[in-house]
Amino acid sequence: MKASKLLAWAALAAAALSFTHAAQAGPRLDRIMDSKVIRVGTPGDYRPFAIKTDSGYSGHDIDVIEAMAKELGVKIEYVPTSWPNLMKDIQSDKFDVAVGGITRNVARIRQVAMLPGYAPFGKVALVRAADKAKFMTPDDLNRPTVRVIKNPGGTNEAYVLEKLKAAQVSTHDKNAEIPGLIAEGKGDAMITETYEALHYAKADPRLYAAYIDTPLTPTNKLGFMMPADDTDYTRVMGFVWDLLDSRGGLKQAADKWLK
């Protein structure tokens, strides 16, 4: 056989091999589609995005990920995690996507993939309504007389540790219980995001969302977090997110939970 024919056959074989490889999904996407199950990790303690109660999970992010699962044709297996263990757990392959009010930032996106941002927010403070006049500037939080209760892990703790070094800082590992502690006078302030503060202030007249008009930090967004080990999986999840957005599903969830 002439050299030219050999080269032609080699080119055809390479093209066929390339096509076969391209037609195969990545291992994570294959596992999800074959098992018909997507594992969703969430701390389940951050209203109004994801909260776990005796009746199950609910919230903005829960509605969205369930709509995405339906579009994929799979069921959800919820996997409990915590803010301190969130990154470690997703990198240990304990779940396929993490939801529940997760801030998009460089530190996270260096290590994992994240879906497009939603719910623009700034850091604010949840305080007692009776004390709202005491908290007018950021410096009012950073005083020795102010008792700040933080949840371990995540960006709210990072803010407290960096910015509120003069305050009395304590840690409570159940984020959903901290607003009640503030309302009862067991602490003076909780650093959180716009939506959580507004949610609790609306639900309990003893509480007030401070710094809403002038947040403590520049505007950021939340996002769903995914392992960065399968580009096909990342691509398909991005497509499903865009599909929901184009059909009004993301707006519907925002209107229900974030207004």
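The values are calculated or read from the model by the stated rules, or taken from the named source; none is laboratory data. Because the structure is a prediction, the values reported are computed rather than measured. Here Cβ is always computed from backbone atoms with ideal geometry, including for glycine, and neighbour counts include all displayed protein chains. The area values use the complete protein model at the heavy-atom level, side chains included, leaving out ligands, DNA and RNA. Shrake-Rupley method; radii C 1.70, N 1.55, O 1.52, S 1.80 Å.
What do you get when you divide the Cα radius of gyration of segment 123-210 by 2.2 N^0.38 Å, with N the number of residues?
Details: Rg = 11.3 Å, N = 88, 2.2 N^0.38 = 12.1 Å.
Cα Rg divided by the expected 2.2 N^0.38 Å: 0.94.
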Between helix 3-23 and the chain: long-axis angle, C-alpha atoms, 0 to 90°, nearest 10: 30
Roughly speaking, what is the centre-to-centre gap between segment 98-124 and segment 171-189 when only Cα atoms are used, to the nearest Å? 24
When only the heavy atoms of the protein chains count and the probe is 1.4 Å, how do His172, His60 rank by accessible area, highest first? His172, His60
Placing +1 on each Lys and Arg Cβ and -1 on each Asp and Glu Cβ in the chain, then taking the dipole about the Cα centre, the residue among Thr217, Ile182, His60 whose Cα reaches farthest towards the positive end is Thr217
Take the alpha-carbon centre of segment 222-255, take the same for segment 47-82, and report the distance between them in whole Å. 14
How much accessible area per residue does the chain have, counting only protein heavy atoms and a probe of 1.4 Å, in square angstrom? 52
Cα-centre dipole for the chain with unit charges at Cβ (Lys and Arg positive, Asp and Glu negative), debye to 20: 340
Please figure out what share of the DSSP beta bridges in the chain is antiparallel and state it in percent, rounded to the nearest 5. 60
At 0.36 nm per residue, minus the direct Cα-Cα distance, what do Asn105 and Asp173 gain on full extension? Give it in nm, one decimal, please. 22.2 nm
Please give the contour-minus-distance gain from Lys36 to Arg206: 0.36 nm per residue of separation, less the Cα-Cα distance, rounded to one decimal in nm. 56.7 nm
Helix 154-163 sits off the longest principal axis of the Cα atoms of the chain, rounded to the nearest 10 on a 0 to 90 degree scale, by 50
Computed FRET value (nearest 0.05) for Asp242 with Asp93, which takes r as the C-beta separation and R₀ as 22 Å: 0.30
Mind checking the alpha-carbon convex hull of the chain and giving the volume per residue in Å³? 155
Ranked by accessible surface with a 1.4 Å probe, highest first, in what order do Ser55, Ser170 come? Ser55, Ser170
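If you place +1 on the Cβ of every Lys and Arg, -1 on the Cβ of every Asp and Glu, and leave all else neutral, what size is the dipole of segment 123-210 about its Cα centre, to the nearest 20 Debye?
Magnitude of the dipole: close to 180 debye.
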